[in-house]
Every structure is written in C-alpha cells, then in structure tokens.
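The values are calculated or read from the model by the stated rules, or taken from the named source; none is laboratory data. Fair warning: this is a prediction, and the values are worked out from it, not measured in the lab. Note that each Cβ is placed from the backbone with ideal geometry, even for glycine, and that neighbours are counted across all protein chains shown. With ligands, DNA and RNA removed, areas are computed over all heavy atoms of the protein, side chains included. Shrake-Rupley method; radii C 1.70, N 1.55, O 1.52, S 1.80 Å.
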Amino acid sequence: MKRTVLVLCVALSLIATVAGAATVGIGAFGGVGIPIIQDDTGRGTMFGVRAPVSLIPLVTVEPYFLSSNGSSKDQDLGGVTITRSGIDVTGFGATAMLTMGGPVSFYPFAGIGSHKLKRDGIEETRTAYSFGIGIGISPVPKFTLHIRGEIDAAVKDQTSRKWAAATVGLSYSLLKFPPTP
Amino acid sequence: MKNMRWFVPSLTLAALMATGCFLISGQFLIHFDLGNVNVVASGVDGVGVDLNTVKDYSKHKDNLKDLADIAILGTFVNTGVNDIDVEVWLVDEATPSLTTPGAVMAGGVRAWGPFKLKAGTSHTITWDESAVLFGAGKAPLLAQIKGDGIFTLYALTQSGAYAFQINNGKLIAVIDVAAS
C-alpha cells in the first residue's frame with residue numbers, strides 16, 4: 001500500500017508537470033489537528049513541508065511530508081483519572097488543489113498519503129485521505145500564504161481515525177517551466 | 001485541460017468512497033470495573049465480565065469492527081516474598097469456576113502480561129504501561145468482545161510461591177466502531 005501511495009504521489013506531480021507550463025515551489029506549514037470522535041488521543045500539533053507543482057491556472061499538485069505530535073488524553077472514570085499518550089503521526093503524500101489564481105484565491109483540495117501512527121502499544125501505517133478548502137494570499141510575487149481547513153482520515157479496514165485540521169503555511173515559487181526570458 | 005477540473009472532485013469522491021461511512025465511525029472508550037482481585041496461596045482469582053452491562057458497548061456492539069486500544073488498570077500489590085510476573089488469562093465462561101493456574105492455562109488463553117512486580121512492592125499501572133502488555137492477547141479478547149461480550153478474566157503467576165492483589169482493577173477498551 002505504501003508503495004502504491006508513493007507511485008500515485010509521483011504520478012500526480014508528473015501530471016501537472018507535463019501538462020503544460022508549470023511552476024515548482026517549496027513551502028512549510030504548521031497547525032493543529034483536533035481528533036474527531038477519538039476517546040483515546042488528544043489534540044495534535046503538526047508541521048511539515050510541501051512542494052507545490054502548479055499547472056497554471058487551474059491545478060496544483062503538492063507532495064507533502066508531515067509530522068504531528070498528539071497530546072495526552074485524560075479520561076475520568078468514576079472519579080479516577082486515567083491518561084493515555086497521544087498518537088504521533090508521520091507521513092507523506094500528495095494533495096491536488098483546484099486553484100483559481102490571483103492575489104487572493106479560494107481553493108478546494110483533496111489528498112492521499114501514507115501515514116504512520118505511533119505510540120506505546122500501537123505502530124501501524126495507514127492510507128490517509130484528506131479534503132478541505134484553503135485560502136491563498138499572495139501579497140508579493142512568488143510568496144503565498146496558505147490558510148487551510150481540512151478533514152484527515154487515516155483508514156484501517158472499515159474504520160478510520162479522523163482529525164479536523166487547521167494549518168497556516170507559506171510557499172515560495174522556485175522555478176518556472178519553460179523559463180520566461 | 002478541461003478534464004483537469006474534475007481531478008480534485010474525483011479525488012475527493014474516491015477518498016469518501018474509500019473511507020466508507022467514515023463520518024459515522026469513531027473510537028469509543030468503554031470500561032468495566034474488575035473490583036479488587038486477591039490471589040492467595042499460589043492460586044488464582046477470577047472476575048466475570050459482562051460487557052453488556054456497559055452502556056457504550058451495548059450501544060455500539062452491532063457496529064464494532066476492531067479494538068483500537070486496550071488496557072488493564074489497577075494498583076498491583078505483591079504481598080508475597082518472591083518477585084512475580086502477573087498474568088491475566090481469558091476463559092470463555094460467564095462466572096469464575098477454576099481454582100488452579102493449571103486449570104486456567106488449560107482452558108484459556110493469556111490475554112495480558114507478564115507484568116513484573118518485586119516482592120513487597122506495589123505499583124499503580126498506567127494506561128501506557130498496560131497497553132503494551134497485551135500483544136497476542138488482543139485477538140482472543142477481540143473475539144470475545146465481538147461475540148457475546150461475556151467472559152472471565154483470571155489473574156495468576158506461572159511459577160513459584162506467590163500472593164498478590166489488584167486493587168480497583170479496571171478493564172479499558174477503545175472500540176473501533178463504523179456503520180456497516
């Protein structure tokens with residue numbers, strides 16, 4: 001599965017690159033992930049890097065790597081408080097965004113990745129799916145501020161662990177193909 | 001180029017389909033009080049578990065898919081003179097009827113342990129410490145939880161003369177639930 005996800009991520013990036021003029025960028029992001037109906041893990045802080053490959057003006061494909069540290073979760077059982085360490089997540093994948101261009105743009109996006117979930121007693125790799133909406137603000141050429149809200153689901157058989165995530169990131173446009181004279 | 005505009009919606013749809021009814025799935029904590037367990041004279045002590053008395057278990061039982069996490073909690077007290085390795089064994093019976101370690105091991109499977117405890121000491125085990133002691137015992141416990149939810153847990157040690165207690169014991173399980 002991990003190999004399949006990797007191949008898919010590369011393929012998604014290549015689609016954008018070969019389909020026409022493209023820009024390649026680099027960026028970083030950070031944010032929080034709030035567990036959805038998970039009684040055994042707390043809020044996670046996440047950070048990561050992205051490499052947006054843009055097929056101007058419509059589609060941007062963005063390989064990513066992320067790391068998230070889940071905080072502990074307390075549960076009160078009849079006056080006794082028990083605590084479980086949070087789930088840490090590391091993963092990679094690719095996100096496809098429907099970008100409209102312009103200094104301020106709203107864009108929907110969806111992604112697929114391979115995420116490893118780890119804590120004492122648990123270590124497993126899951127296929128992760130994400131979707132959400134973002135705002136891109138580009139006050140100066142080549143720099144874009146991204147604010148995103150998304151749902152992430154790490155799937156195992158018929159169930160999934162889900163987070164509602166909010167991230168803020170900054171990307172810089174490195175290269176343009178073909179180069180402009 | 002125009003086809004590309006369907007790319008993101010298609011990927012979103014694929015994600016939704018692949019995750020099934022992910023919006024109505026989740027991980028729910030259930031717990032069962034084991035009370036106080038007292039093992040004397042190198043014997044065993046068993047506690048009958050009926051998860052059907054646990055509200056969240058009864059509510060989600062039909063849609064239970066997996067065990068996301070599991071632990072046995074409590075304060076372990078080694079009242080004997082030897083260091084011990086405490087184990088918890090699972091037997092498919094409604095009420096405890098076995099009285100010797102040999103009988104329990106012949107009729108059940110080890111669900112948890114070993115948990116090392118020095119002579120004359122006590123330790124309140126944490127969720128993190130306990131969760132890693134399940135290992136292969138998770139599968140038979142999952143089978144019971146997905147079955148009728150009725151079984152017996154026995155505490156014992158496999159060798160030497162021993163006596164110990166588990167005070168305010170609890171069985172903790174985080175069940176993976178998804179609509180079928």
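In whole percent, and with a 1.4 Å probe on the protein chains, what portion of the accessible area of the stretch B:19-117 is carbon and sulfur?
On the stretch B:19-117, the fraction of accessible area on carbon and sulfur atoms equals 54 percent.
Its relative contact order, with pairs defined as Cα atoms under 8 Å and 6+ residues apart, puts chain A at 22 percent. Here each label is just a point 7 Å from Cα along the line to Cβ, and for A:Ile133 and B:Ser122 those points are 5.7 nm apart.
Counting charges near B:Trp112 (Lys, Arg +1; Asp, Glu -1) among other residues having Cβ under 15 Å from its Cβ returns a value of -3.
The amide H of B:Ala111, built 1.01 Å from its N in the peptide plane, has B:Val88, B:Trp89, B:Leu90 as neighbours under 5 Å, considering only residues 5 or more places off or on other chains.
Starting from the stretch B:104-157, pick out the trypsin sites (Lys or Arg not before Pro) whose DSSP state is loop and whose Cβ has at most 11 other Cβ atoms within 10 Å.
Here the sparse-neighbourhood loop sites are B:Lys118.
Looking at the stretch A:136-181, the trypsin sites (Lys or Arg not before Pro) that sit in a DSSP loop and have at most 14 other Cβ atoms within 10 Å of their own Cβ are A:Lys142.
On a per residue basis, the stretch B:23-179 carries 41 Å² of accessible surface, using protein heavy atoms and a 1.4 Å probe. For the stretch B:116-143, a reduction of at least 50 Å² in accessible area between the chain on its own and the assembled protein chains (probe 1.4 Å) is found at B:Trp127, B:Asp128. Of the residues making up the stretch A:124-146, those losing 20 Å² or more of accessible area when the isolated chain is joined by the remaining protein chains, with a 1.4 Å probe, are A:Tyr129, A:Phe131. Placing dummy labels 7 Å off each Cα toward the beta-carbon, the span from B:Lys55 to B:Asp83 is 4.5 nm. Take the accessible area of chain A alone and of chain B alone, subtract that of the pair, and you get about 3300 Å² summed over both chains, using a 1.4 Å probe. When chain A is treated as a Gaussian network with alpha carbon springs shorter than 10 Å, the biggest mean-square fluctuation among A:Asp88, A:Asp76, A:Asp40 belongs to A:Asp76.
Panel note: contact residues of the stretch B:36-82 (accessible area lowered by at least 10 Å² against the chain on its own; 1.4 Å probe) correspond to B:Lys65, B:Asp66, B:Ala68, B:Asp69, B:Leu73.
Applied to the stretch B:151-163, the Karplus parametrisation 6.51 cos²θ - 1.76 cosθ + 1.60 on θ = phi - 60° returns per-residue 3J(HN,Hα) values of 6, 10, 9, 10, 9, 7, 10, 7, 9, x, 7, 8, 7 Hz, with x for Gly and Pro. In summary, the lysines within cross-link reach of A:Lys73, defined as a Cα separation below 20 angstrom excluding same-chain residues under 8 places away, comprise A:Lys116, A:Lys118, A:Lys162, B:Lys170.
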